[in-house]
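Student: Please see the structure below; I have some questions.
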Amino acid sequence: MDAYETSIYTAVLIASLLLGAIILFSGWAMVRVQKRYYTREQEHLLARIELLEEERLRIAEDLHDELGPMLGMSRLLLQKAERTPLVGQVEAAIETVANRLGGIARNLQPEQLLERGLDTALRHFFDLCREAHPMSFLLHYGIERELPPETSLQVYRMVQEVTHNAIKHSGGQQLEVCLQTAEGNLYLTCRDDGAGMGTGKGLGKRSLEHRAKLLGGQLRLQTTRGAGTTYQFILPL
Amino acid sequence: MNAGSQSLYYYLSNPLPVLSVKAPFASFGRPGMIYYAGTEMRNLFKERLIPYFARMNFDLNAAFSLSIAIGAVIALVRIRRIEDRYAPFLVLTWTGLLNEIASIVLVSRGYSNAATYNLYTLAESLLILWQFKRWGLFQRVPRFYTFLLLLLPLSWCCESIVYRTLFQFNSYFIIFYSFLIVMGAIYTLSEMLFYEGPALWRQPPFLICMGFVIYFTYSTLTEVFWVFGLAHSKTFRVRIYEVLAYINLLVNLIYATALLWMPTKLRSIPLS
């Protein structure tokens with residue numbers, strides 16, 4: 001190999017190295033920017049969900065502190081009024097409104113969750129669902145350790161959303177919810193025997209994905225027309 | 001932006017194997033320089049190099065190089081309306097045009113354009129660095145900007161003054177800064193892919209960075225071949241620089257489009 005050939009080979013080698021460096025740098029830049037982008041997106045999402053929870057708390061407090069006493073006062077005033085069938089009907093209506101208001105407030109601010117933990121809160125939630133809907137709700141709670149409050153709240157909201165979807169859209173007879181831990185992950189599986197759903201991304205599905213991502217996890221969705229829907233959340237603990 | 005000035009003039013002015021002289025200068029009178037009159041240079045061009053430029057003549061090459069004038073004129077017309085963050089790029093188009101004109105004048109009179117070209121490479125590297133700063137590339141690492149701001153002139157001085165002379169074309173500095181610009185452009189493009197809206201093709205930074213990636217990648221590779229092997233093969237280097245001239249034209253047109261689409265300044269409402 002003469003000097004000219006050597007210089008050509010050197011040039012090819014150096015050019016290849018530079019080109020390789022440029023390609024590697026492109027890959028590195030894409031990964032780095034993507035990571036930063038997702039971190040920022042996650043921060044935005046967290047802020048939005050925190051804002052949402054604060055807003056729910058505020059609405060629940062307003063309902064409890066402002067509308068509750070007003071309804072109570074109305075009931076007292078009606079008791080002083082002359083007893084007629086109409087007054088009786090109004091009293092019953094006020095009673096219904098007060099109960100419904102309490103239900104909305106509890107839904108907005110899950111006291112059971114805050115006071116007694118996720119297991120009790122979910123059981124209480126399904127009791128309320130059974131009262132309101134003929135669907136069968138089964139809960140298998142297989143978590144022994146206590147979950148962080150943030151995770152508990154998000155899991156509670158996920159189950160609420162899935163239950164709402166099942167009641168409203170699936171047309172099924174049964175919803176089964178299973179919580180268990182394995183290999184440092186929390187597995188939340190919700191399965192209904194309804195009509196299944198399309199592959200589109202509705203607001204509810206997006207919200208579920210966001211909540212899963214917020215906890216650093218993921219959502220796997222399996223749905224077939226006429227064969228029900230299964231949501232599986234894998235959330236790191 | 002500068003391929004034309006580098007290609008043909010570079011080829012004319014660099015040492016040829018037969019003559020083995022440094023670039024000809026008429027006025028500087030540097031010791032050891034062999035003087036060539038303009039006529040001799042033109043004869044040299046006609047007799048020795050025309051066969052290699054059978055497909056691309058001098059005028060066409062010069063015309064391709066001067067295509068930067070389109071962008072420079074657009075920049076001049078729109079200067080008052082374009083956002084301030086594009087100021088370095090506007091200066092770059094005018095500097096590029098000046099360099100092309102200077103190169104054509106010098107070479108057609110039989111002088112080398114090495115000195116003006118070397119000065120231009122330094123200005124170009126610093127202006128593009130400044131442009132990247134204006135686009136926020138160094139927002140997280142402002143010290144890196146200062147570091148590069150010192151490193152680029154230092155490396156330019158090392159090659160232009162210590163290793164060679166100002167009147168010989170730089171190669172290592174071109175490889176170095178072209179490589180840096182490609183890196184900066186790729187990073188800016190990556191950020192735009194994630195953070196900007198869907199109409200990327202209408203975003204001037206996207207177009208400009210695409211131009212940077214295309215031109216400076218080719219420029220880096222060309223220089224590497226020039227330094228390590230191309231210098232011995234006239235045919236090969238003429239072909240390489242022909243391609244570079246076309247790339248230069250394409251990139252200059254992309255810059256002109258970017259200049260046309262640059263957003264105008266926000267009008268301020270005077271407070272009473």
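Student: Being in contact (Cβ under 8 Å) with a residue 60 or more places away in the chain, open to solvent by 30 Å² or more (accessible area, probe 1.4 Å) and of a type in the set (A, V, I, L, M) narrows it down to one of B:LEU98, B:LEU106, so name that one.
Tutor: Answer to the selection: B:LEU106.
Student: Just to be sure, is A:TYR38 farther than 17 Å from B:SER219 by Cα, in a helix (DSSP H, G or I) and more than 8 Å from chain B (Cβ to nearest Cβ)?
Tutor: Yes, satisfied.
Student: B:LEU149 versus (1) more than 28 Å from B:TYR195 (Cβ to Cβ); (2) assigned to a helix (DSSP H, G or I): which is the lone unmet condition?
Tutor: Condition not satisfied by B:LEU149: (1).
Student: Continuing with the same structure: Could you list, in sequence order, all residues of the range B:179-204 that are assigned to a helix (DSSP H, G or I) and over 24 Å from A:LEU18 (Cβ atoms)?
Tutor: Within the range B:179-204, B:PHE194, B:TYR195, B:LEU200, B:TRP201, B:ARG202, B:PRO204 qualify.
Table: residues versus (1) under 16 Å from A:LEU45 (Cβ atoms); (2) modelled with pLDDT under 90.
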{"position": "A:GLY142", "(1), (2)": "no, yes"}
{"position": "A:LEU147", "(1), (2)": "no, yes"}
{"position": "A:GLU209", "(1), (2)": "yes, yes"}
{"position": "A:LEU215", "(1), (2)": "yes, yes"}
{"position": "A:ILE234", "(1), (2)": "no, no"}
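Student: So if I check each of B:GLU191, B:GLU196, B:GLU242, which one is out of contact with any Pro (no Cβ under 6 Å at 6 or more places or on another chain), under 28 Å from B:ARG134 (Cα atoms) and modelled with pLDDT under 85?
Tutor: Within the list B:GLU191, B:GLU196, B:GLU242, the selection yields B:GLU196.
Student: Do we find a residue being in contact with a His (Cβ under 8 Å, 6 or more places away or on another chain), open to solvent by 60 Å² or more (accessible area, probe 1.4 Å) and more than 28 Å from A:GLN218 (Cα to Cα) anywhere in the range A:45-61?
Tutor: For the range A:45-61, residues in contact with a His (Cβ under 8 Å, 6 or more places away or on another chain), open to solvent by 60 Å² or more (accessible area, probe 1.4 Å) and more than 28 Å from A:GLN218 (Cα to Cα): absent.
Student: How many residues does the range B:83-134 hold that are in contact with a Phe, Trp or Tyr (Cβ under 9 Å, 6 or more places away or on another chain) and assigned to a loop (DSSP other than H, G, I, E, B)?
Tutor: Adding up the residues that qualify gives 4.
Student: When you look at B:ALA62, is it touching a helix residue (DSSP H, G or I) at 6+ places or on another chain (Cβ under 7 Å), modelled with pLDDT of 50 or more and either within 23 Å of B:LEU129 (Cβ to Cβ) or open to solvent by 80 Å² or more (accessible area, probe 1.4 Å) (or both), yes or no?
Tutor: The answer is no for B:ALA62.
Student: So, in the range B:147-177, of the ones that are within 14 Å of chain A (Cβ to nearest Cβ) and in contact with a Leu (Cβ under 9 Å, 6 or more places away or on another chain), which residue ends up least open to solvent (accessible area, probe 1.4 Å)?
Tutor: Only one residue fits best here, namely B:TYR177.
Student: Still on this structure, I have one more. Is it fair to say A:LEU13 is open to solvent by 80 Å² or more (accessible area, probe 1.4 Å) and within 9 Å of chain B (Cβ to nearest Cβ)?
Tutor: Yes, satisfied.
Student: As an exercise: evaluate A:GLU43 against (1) modelled with pLDDT of 85 or more; (2) more than 14 Å from every other protein chain (Cβ to nearest Cβ) and give the number of the one condition it does not meet.
Tutor: Answer for A:GLU43: the failing condition is (1).
Student: Mind counting the residues in the range B:200-254 that are within 12 Å of chain A (Cβ to nearest Cβ), open to solvent by 20 Å² or more (accessible area, probe 1.4 Å) and more than 14 Å from the chain's Cα centre (by Cα)?
Tutor: Total satisfying the criteria: 10.
Student: For A:THR224, state whether it is of a type in the set (S, T, N, Q) and open to solvent by less than 40 Å² (accessible area, probe 1.4 Å).
Tutor: In short, no.
Student: Okay, moving on. Restricting to the range A:137-183, give me the number of residues that are open to solvent by less than 30 Å² (accessible area, probe 1.4 Å) and either under 14 Å from A:THR230 (Cα atoms) or not small (Gly, Ala, Ser) (or both).
Tutor: 21
Student: Quick one: A:PHE137 ticks every box in (1) outside any strand (DSSP E or B); (2) closer than 18 Å to A:LEU113 by Cβ; (3) of a type outside the set (Gly, Ala, Ser) bar one, so which box is it?
Tutor: In the conditions (1) outside any strand (DSSP E or B); (2) closer than 18 Å to A:LEU113 by Cβ; (3) of a type outside the set (Gly, Ala, Ser), A:PHE137 misses (1) alone.
The values are calculated or read from the model by the stated rules, or taken from the named source; none is laboratory data. Worth saying up front: this structure is predicted, and the values here are computed from it rather than measured. Because the Cβ atoms are built from the backbone with ideal geometry, glycine has one as well, and the counts that use them run over all protein chains shown. Each accessible area value is taken on the protein alone, full model and side chains, heavy atoms only, with ligands, DNA and RNA left out. Shrake-Rupley method; radii C 1.70, N 1.55, O 1.52, S 1.80 Å.
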